[in-house]
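Some notes on the structure that comes next.
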Amino acid sequence: MDMRSFGTDGIRRIADRELNEAAYKLGKALSSNGKKILLGVDTRPSGKTVAEYFYAGVKENGGEMINCGIIPTPALSFAVKKLGAYRGVEITASHNSVEYNGLKVFDENGAKISGETAEELEAVMDSVNDSPKTLPLPEENDQALNEYLKNFDEIHPCSFKILIDTACGATTRTAPKIIERRSLNASILDIDKAINDACGANDVRLLKSKVVAENYDFGLAVDGDGDRLVMVTKEGKVLKGEELIYILAVYMKKKKTLKGKVVLTEITNGGLLKSLKSAGVDSCKCKVGDANVYRKMRDIGSNLGGEPSGHILIDDMQADGLWAGIKILNVLKEYPDILNDLKLLPEASLNFRYSKELETKLIARAETWRGYLGDKGKITVRASGTEPLIRVRVECESSFLCREIIKDLRKS
């Protein structure tokens, strides 16, 4: 599977010579008109090198680049629009493990570029024949970070005692500043790990144990670049994307601030759809990927959408884990029982190392099971757009049957 080209969330692959070359070519492709570009990175050791290749490409084509340093993806996205930049580029592999890196590209509105724009960029990148090189980065500029932090002044500071797991990623820079700025009763989970290494939104076991053992009201976990959110309650219950979307949707419906339909994806749990309908909330679905959710929201005039992975999009903002988390905590303070009527269907999932042959086998086997399940469940088999994996997800009315189907598919 070719991980060099743009997938569902930018360019992403193992950090190596080919990624450095792609960064250099992207820098050239984006700067051909000489306009301002904002650049941010997460905490991966490879980030500085990738950034230096990108900057060399920008500089050689006469572009201007502002080095924002370590900054979460949502902060960079917000600043692109606020500061009137032409494009923003975040060097990150999001939730992937430390050996990966990548490039997310944002347009002048702070939105992830469309598939069409990505194809156009790839065509320009393919035409670059110069040998890739590096340039030392310009001095870091805090303007983007400061503009982003001001955005939190609009959120009411919740009174809960919370513990924040930054996944040892880009939010390690912003979370302490947000805590201080809003006088939050919050602490940062103190661990020394590589980005996303058994921590953050990918793995909340450590956060969960600390929240329960040390009497926190809630734990908030984000991923390496800060755009996903998973929460943990004081009892140790894990709240993922579907629960979080439900909380916001029902609350916004109560307050009459919900606009149009809630935008969800094709892999959303059917129980969420039914529960929202019972609460008087309409929804619609789009392809997987928060960029697709955002575009669908914009197209239909929605102000809420999200994914099971924890990408939550509110109003005209891109997904922002901490922003959404503080919003949700304020809802839970006012309506502590808001999740009582949410009934999710049992589900199970499994990842396979990608091969075309295996993908074909899994699709065929899944189709057999779909015939058995009928309208009592669903099975999705899809190639990941961010890792060389095949993602399989099973959902039906029986936990036992979910597990049995997964066992069967594992034999493929």
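Considering the zone a paramagnetic label at SER127 would reach in this model (a point 7 Å from Cα along the Cα-to-Cβ line), which residues of the range 15-29 have amide N under 12 Å from it? What the label zone holds, given the 12 Å backbone N cut-off, is 29.
Per-residue extension of 0.36 nm, minus the Cα-Cα distance of ARG205 and GLU154, leaves a gain of 15.2 nm for this segment. Taking a straight line from the alpha carbon of LYS378, these aspartates and glutamates sit under 13 Å away, with near neighbours fewer than eight places off in the same chain left out: GLU266, GLU347, GLU367, GLU395, GLU397. What the Cβ-Cβ distance of ASP299 and ALA213 gives, at R0 = 41 Å and to the nearest 0.05, is a FRET efficiency of 0.35. Counted over the chain, the DSSP beta bridges are approximately 60% antiparallel.
Loop-located GluC sites (Glu not before Pro) across the range 26-123 with a Cβ neighbour count of 15 or fewer within 10 Å are GLU99, GLU108, with loop assigned by DSSP. Structural descriptor for the chain: relative contact order 14 percent, calculated from alpha carbon pairs under 8 angstrom and at least 6 residues apart. For the range 109-203, what is the relative contact order in percent, using Cα pairs closer than 8 Å and at least 6 residues apart in sequence? For the range 109-203, the relative contact order is 25 percent.
What the Cβ-Cβ distance of ARG353 and SER183 gives, at R0 = 35 Å and to the nearest 0.05, is a FRET efficiency of 0.15. Mean separation of Cα pairs under 8 Å and 6 or more residues apart, divided by the residue count, gives the range 159-239 a relative contact order of 35 percent.
Taking 4 °C and 1.567 mPa s as conditions, the chain diffuses translationally at an estimated 59 µm²/s according to Stokes-Einstein applied to its Kirkwood radius (Cα pairs). Here the 3J(HN,Hα) profile of the range 94-109, calculated from phi with Karplus coefficients 6.51, -1.76 and 1.60 at θ = phi - 60°, is 6, 8, 5, 6, 4, 6, 8, 8, x, 9, 9, 10, 10, 7, 5, 9 Hz, Gly and Pro shown as x. Summarising the amide proton neighbourhood of ALA93: residues at separation of 5 or more, or on other chains, whose placed amide H is nearer than 5 Å comprise GLY102. The slack between ILE191 and GLU64, meaning 0.36 nm per residue of separation minus the straight C-alpha distance, is 42.0 nm. Selection among ASN67, SER302, GLY40 by position relative to the dipole of the chain gives SER302 as farthest towards the positive end (Cβ unit charges, Cα centre).
Between the alpha-carbon centers of the range 260-297 and the range 387-406, tell me the distance in whole angstrom. Spelled out, the Cα-based centre of one part sits 20 Å from the other. Counting only lysines at least 8 places from LYS59 when in the same chain, those with an alpha carbon closer than 24 Å to its own are LYS25, LYS28, LYS35, LYS36, LYS48, LYS81, LYS82, LYS104, LYS112, LYS133. Distant-in-sequence amide contacts of VAL288, defined by a placed amide H-H separation under 5 Å and a gap of 5 or more residues or a different chain, comprise GLU266.
With loop membership from DSSP and a limit of 10 other Cβ atoms within 10 Å, the longest segment of the chain without trypsin sites (Lys or Arg not before Pro) is 1-254.
Rg and Dmax, both from the Cα atoms of the range 347-410 and both in Å, are 11.2, 31.
Working note: Cα atoms of the range 249-388, range along each principal axis, descending, whole Å: 50, 29, 26. A straight Cα-to-Cα reach below 19 Å connects LYS234 with the lysines LYS161, LYS208, LYS210, LYS327, LYS333, residues fewer than 8 places away in its own chain not being considered.
Only the coordinates and a few stated rules stand behind these numbers; no lab work does. Because the structure is a prediction, the values reported are computed rather than measured. Don't worry about glycine lacking a Cβ; one is built from the backbone with ideal geometry, like all the others, and counts go over all protein chains shown.
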